[in-house]
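Worksheet: the structure to be examined is printed underneath.
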């Protein structure tokens, strides 16, 4: 399944949702405020302009028709002028029209009140836009048609006000981002604590419970998590106790059977039954080893992995076994682990390689923050679809595990338990050149 462009981190997702949501709400609020502000300013300017137009039109209405065109000669040419009515076409200015009707509706008939940029009027030089040009088209009571234009005085805001809005917007964005990030971190901190506790519990079943403090929801989740931990501990302890008790109790009847077998006079029967007893004894021993691997309480210690693998290879070579250690890829590699448990896990895998591949090659490397111990053989390997399955207890492959080879289906499960108990992982894979490679991955610290 494709992930798309969405970030994988929950923290980043919630942060972006909050940031975008609050920013959108702020932008909408600002747009509504600006719209209302423009309406208020337009209403104010309309009232102001209507008063100016009313005073001027009263003056013109009191003059004879032939004197009206010359009456504005004393006014500022850039501010007041009379033009032909057909040049008075622009956008409607309802506030101006309503103000004129209220003030001088009995003196003139208003056909239209308009507003348009200054440069759109014929004869005006091009330039930067300023205050809108307003116009009133109508007729005096004597029927004389006119179009009176008024250009407000240009009022440029101070430079400090022009840069205030971008600076305020930038400060607002930074403040929203900071508050959103703080809120997300505060909300997800209990989840991070619970994740760390679950990881620690997976590595050590005896890890102390999670602290039950904080908000009500966090306390409830921590309490439920601790109850789950306790139930898992009880179930694991009960399962381990049953396994240990069964395998331990089997030792006594096995010993009695071995003693009675010594008195059997049929050599062939004694040999067959002796082989069965040896297989049963091995199963009992490995069952006890499996039970101990699930209840590892060994403390962690700093360990030189290069020295450990060298010692294991030397011991196996002294015993006449085909075991070689190729050495670490870069100097000495040390990590915090449970030394005895790790040694038993490596020895189990080496025994497996010798049993099914005739020998073992050990290698050590550091890859992406992990210490990787690789045990390779040249045996028949394992079908790819069953690589994960054989790490479970009592799973055997009939083609390679048999009474003659001594397989019980517990060796890999024991090794996997011992590695998992210290925060590591055991991975099996078939080598391209043939044989099986078992890799123990431990976190470097």
Practice task
Run residue 147 past the list (1) in a helix (DSSP H, G or I); (2) more than 30 Å from residue 30 (Cα to Cα); (3) modelled with pLDDT of 80 or more and report the number of the one that doesn't hold.
Solution key: (1)
Completion exercise
Here the residues within region 328-341 that are touching a strand residue (DSSP E or B) at 6+ places or on another chain (Cβ under 7 Å) and either assigned to a helix (DSSP H, G or I) or loosely packed, with under 14 Cβ neighbours inside 10 Å (or both) are 329, 330, 332, 339
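Collect the residues in region 354-366 that are buried (at least 20 other Cβ atoms within 10 Å of the Cβ) and either under 18 Å from residue 337 (Cα atoms) or in contact (Cβ under 8 Å) with a residue 60 or more places away in the chain (or both), keeping them in residue-number order. Before you say what the answer is, go through the steps one by one.
At the first step, the residues of region 354-366 found to be buried (at least 20 other Cβ atoms within 10 Å of the Cβ) are 356-357, 360-362, 364.
Across region 354-366, the qualifying residues are 356, 357, 364.
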Problem - Residue match in region 381-397 (condition: touching a residue at least 12 places away in the same chain (Cβ under 8 Å), in contact with a strand residue (DSSP E or B) (Cβ under 7 Å, 6 or more places away or on another chain) and under 16 Å from residue 444 (Cβ atoms)) - result: no
Problem - Where residue 383 falls short, out of the listed (1) buried (at least 18 other Cβ atoms within 10 Å of the Cβ); (2) at pLDDT 85 or above - result: (1)
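Tell me yes or no: at least one residue of region 20-29 is in contact with a strand residue (DSSP E or B) (Cβ under 6 Å, 6 or more places away or on another chain), in contact (Cβ under 8 Å) with a residue 40 or more places away in the chain and assigned to a helix (DSSP H, G or I). Steps first, please.
Initial filter on region 20-29 (in contact with a strand residue (DSSP E or B) (Cβ under 6 Å, 6 or more places away or on another chain)): none.
Checked region 20-29: no residue is in contact with a strand residue (DSSP E or B) (Cβ under 6 Å, 6 or more places away or on another chain), in contact (Cβ under 8 Å) with a residue 40 or more places away in the chain and assigned to a helix (DSSP H, G or I).
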Practice task
Check off (1) surrounded by 14 or more Cβ atoms within 10 Å (Cβ to Cβ); (2) touching a strand residue (DSSP E or B) at 6+ places or on another chain (Cβ under 9 Å); (3) at pLDDT below 85 for residue 369 and give me the number that stays unchecked.
Solution key: (1)
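Based on what the data block shows, is residue 277 surrounded by 12 or more Cβ atoms within 10 Å (Cβ to Cβ) and modelled with pLDDT under 75?
Working: surrounded by 12 or more Cβ atoms within 10 Å (Cβ to Cβ): yes; modelled with pLDDT under 75: no.
The answer is no for residue 277.
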Exercise for the section: For region 46-65, state whether one or more residues are under 60 Å from the mean Cα position of the chain (by Cα), touching a residue at least 60 places away in the same chain (Cβ under 8 Å) and crowded, with 16+ Cβ neighbours inside 10 Å. Expected result: yes
Exercise for the section: Answer with yes or no whether residue 193 is more than 30 Å from residue 25 (Cα to Cα) and either in contact with a helix residue (DSSP H, G or I) (Cβ under 9 Å, 6 or more places away or on another chain) or assigned to a helix (DSSP H, G or I) (or both). Expected result: yes
Practice task
Please enumerate the residues belonging to region 386-425 that are at positive phi, surrounded by fewer than 19 Cβ atoms within 10 Å (Cβ to Cβ) and at pLDDT 65 or above.
Solution key: 394, 409
Practice task
Test residue 369 against the stated conditions and say whether it is touching a residue at least 12 places away in the same chain (Cβ under 8 Å) and more than 25 Å from residue 304 (Cβ to Cβ).
Solution key: no
Problem - Output for region 222-241, where each listed residue is surrounded by fewer than 14 Cβ atoms within 10 Å (Cβ to Cβ) and either modelled with pLDDT under 75 or touching a helix residue (DSSP H, G or I) at 6+ places or on another chain (Cβ under 7 Å) (or both) - result: 236, 237, 238, 239, 241
Fill in the blank from the handout: Checked 442, 428, 349, 362 against criteria (at pLDDT 85 or above, assigned to a helix (DSSP H, G or I) and touching a strand residue (DSSP E or B) at 6+ places or on another chain (Cβ under 7 Å)); the one match is 349
Exercise for the section: Could you tell me whether any residue of region 242-261 is surrounded by fewer than 14 Cβ atoms within 10 Å (Cβ to Cβ), part of a loop (DSSP other than H, G, I, E, B) and at pLDDT 75 or above? Expected result: no
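The values are calculated or read from the model by the stated rules, or taken from the named source; none is laboratory data. The structure presented is a predicted model; accordingly, all values stated were derived computationally and were not measured. Because the Cβ atoms are built from the backbone with ideal geometry, glycine has one as well, and the counts that use them run over all protein chains shown.
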